[in-house]
Ligand code: AGP
């Protein structure tokens, strides 16, 4: 999942493109490049590596123009080399193109184009698009792009410039996000809103099938039949300051540290303690409809899938409805069953994850109502769902998701409260949970004060080769999440398991070199978790226990204990995950890893 940008306006384009690209680098950081259209034609600068390297290259070999495009890459087809870096060009070198997505029939098209004399210089699927446009008929770049795209299978968010259409950027979208930032006499196109904030907070989100022509005098949007389309101009919720590091060494640590506030903003205006329920205006589900729900299917990927697992326990317990949790990438290709009364809940921080988006479309195709639990306002899943809950957690820049996870859990608890009260949960039970949620921001802040202890632990385990995370019940997904965080940013192989499942295999891994993290707050399965700890102890494993304040009896079995404030079991994952986020962070820093830009990863997975 790459980041694409484009600029048309009175300013020098290259510095603007660089600035926008630096705000999109969390989408992919294998290579970077820009092309501009100046009096001499299309000029390009690109390299393997980061936007910072491109900035140095442009300092040595500057480009000056008022119209250009840029790209930061997450390699899918063709190694992350300078040759495969975007922008790509046609045979004549008169056109330049950047692309986010996958051309699934690139091999077929390439063979056809080579038979008609086109010479390819890269291993990428994207270069095919440049030659297709070169080959296409049409008086304008827009017409040639439209006719070229008819032959394309797959996904794209793309931007093109050509010497035939000076001062013009043409963009198109199918499957990958593209928006237009509307400034004062200037326009920035980008894959997401973070990139345009230096120039404007007014954005136009393109829909699938849209193509837009941006010129100094304005922009126009058309559909696939070249029919003019009206698209609303929306305001981006957050500002540049929110996107700054704010004195932290990494976005991940900043986002971990701000969870007292982000949990508060997810709760803001939604708790009705007196009625023991929640107010969720965007959900679009009346209590009567809630009562008719017969089953819930949660679809998500990665950390959001872990939130879904916690959500299953929450919704089953509070709303008495059967819940299944599906990997969106698997669910979308499974036979879709048309079951009346099915509610599909799509959880996605970015709202752009391709597999989750396609699972949403598959569910809608068999008549399921879809609710989105999403952080990015205006994202595709948010716009295609029938209703939803925005997290209001602010932009999450660190590739490893942290604050979005805890806000997803809060949103699921609010949803459980609302749904539960419509399906028989008593006012008393509702009030108890509402009061607990109201205390949560303080409890989160108190838990984050464990950081010095966690850092000391990280120093002990930074050289570990493997790690095992174990939990039970609603804290089993927290074990999965802890393991994922460690894997993602420190590259230590780690696995999460239901604690009881350990005896059926993973216990074979246990020896004095294997740190085992137990997520063991005081709840109805706690005594069972303590037995599992003893089984690990008996094999010499080192034990770190995340447990509840005031719980004194783990000295005999755990080597290290981190105590989080005591809460009800359904709320506890929001606190027990915090030390695990910090542990992964500090271990990764101690290992010298690039915490915010972990290798091979990207923030929003917009391709399959
Ligand atoms: C989590 O740290 C990862 N970045 C990744 O697993 C992520 O959760 C997954 O790609 C889903 O993203 P989404 O929530 O934006 O859909």
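The values are calculated or read from the model by the stated rules, or taken from the named source; none is laboratory data. Please read all numbers here as calculations on a predicted model, not as lab measurements. Here the Cβ is made from the backbone with ideal geometry for all residues, glycine too, and neighbour counts use every protein chain on show.
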Examine region 402-418 for a residue that is more than 23 Å from residue 283 (Cα to Cα), in contact with a helix residue (DSSP H, G or I) (Cβ under 7 Å, 6 or more places away or on another chain) and buried (at least 22 other Cβ atoms within 10 Å of the Cβ), and state whether such a residue exists. yes
Within 15 Å of residue 71 (Cβ to Cβ), in contact with a strand residue (DSSP E or B) (Cβ under 9 Å, 6 or more places away or on another chain) and part of a helix (DSSP H, G or I) - does that describe any residue in region 104-123? no
Conditions (1) within 16 Å of the ligand (Cβ to nearest atom); (2) in a helix (DSSP H, G or I); (3) without any contact (Cβ under 8 Å) to a residue 60 or more places away in the chain; (4) surrounded by 16 or more Cβ atoms within 10 Å (Cβ to Cβ); number of the one not met by residue 253: (3)
Residues of region 234-260 classified as closer than 30 Å to residue 170 by Cβ and modelled with pLDDT of 95 or more, total: 0
Condition first: in contact (Cβ under 8 Å) with a residue 12 or more places away in the chain and either touching a strand residue (DSSP E or B) at 6+ places or on another chain (Cβ under 6 Å) or surrounded by 14 or more Cβ atoms within 10 Å (Cβ to Cβ) (or both). Now tell me which residues in region 236-249 satisfy that. 236, 237, 238, 242, 243
Given (1) over 29 Å from residue 572 (Cα atoms); (2) away from the ligand (no atom under 16 Å from the Cβ); (3) assigned to a helix (DSSP H, G or I), identify the lone condition not met by residue 290. (1)
How many residues, within region 311-347, are in a helix (DSSP H, G or I), closer than 11 Å to residue 412 by Cβ and within 14 Å of the ligand (Cβ to nearest atom)? 1
Within region 348-375, restricting to residues that are closer than 25 Å to residue 394 by Cβ and assigned to a helix (DSSP H, G or I), the one that is nearest to the ligand (Cβ to nearest atom) is 356
Only one of these conditions is not met by residue 494: (1) within 16 Å of the ligand (Cβ to nearest atom); (2) at pLDDT below 95. Which number is it? (2)
Given the criterion surrounded by fewer than 20 Cβ atoms within 10 Å (Cβ to Cβ) and touching a strand residue (DSSP E or B) at 6+ places or on another chain (Cβ under 7 Å), identify the matching residue among 438, 432, 422. 438
For residue 330, indicate whether it is free of Cβ contacts under 8 Å to residues at least 24 places away in the same chain and in contact with a strand residue (DSSP E or B) (Cβ under 8 Å, 6 or more places away or on another chain). no
Filter region 490-517 down to residues that are closer than 14 Å to residue 461 by Cβ and crowded, with 16+ Cβ neighbours inside 10 Å and give me whichever is farthest from the chain's Cα centre (by Cα). 514
Filter region 15-49 down to the residues that are touching a strand residue (DSSP E or B) at 6+ places or on another chain (Cβ under 7 Å), free of Cβ contacts under 8 Å to residues at least 40 places away in the same chain and in a loop (DSSP other than H, G, I, E, B) and list them by number. 49
For region 376-391, which positions are within 15 Å of the ligand (Cβ to nearest atom) and in a loop (DSSP other than H, G, I, E, B)? 376, 377, 378, 379, 385, 391
Which count do you get for residues in region 361-381 that are surrounded by fewer than 24 Cβ atoms within 10 Å (Cβ to Cβ) and closer than 20 Å to residue 1 by Cβ? 3
Residue 400 vs (1) closer than 17 Å to residue 27 by Cα; (2) more than 11 Å from the ligand (Cβ to nearest atom); (3) modelled with pLDDT of 95 or more: all pass except (2)
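Conditions (1) surrounded by fewer than 19 Cβ atoms within 10 Å (Cβ to Cβ); (2) touching a helix residue (DSSP H, G or I) at 6+ places or on another chain (Cβ under 8 Å), marked per residue:
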residue	(1), (2)
456	yes, no
461	no, yes
472	no, yes
478	no, yes
483	no, no
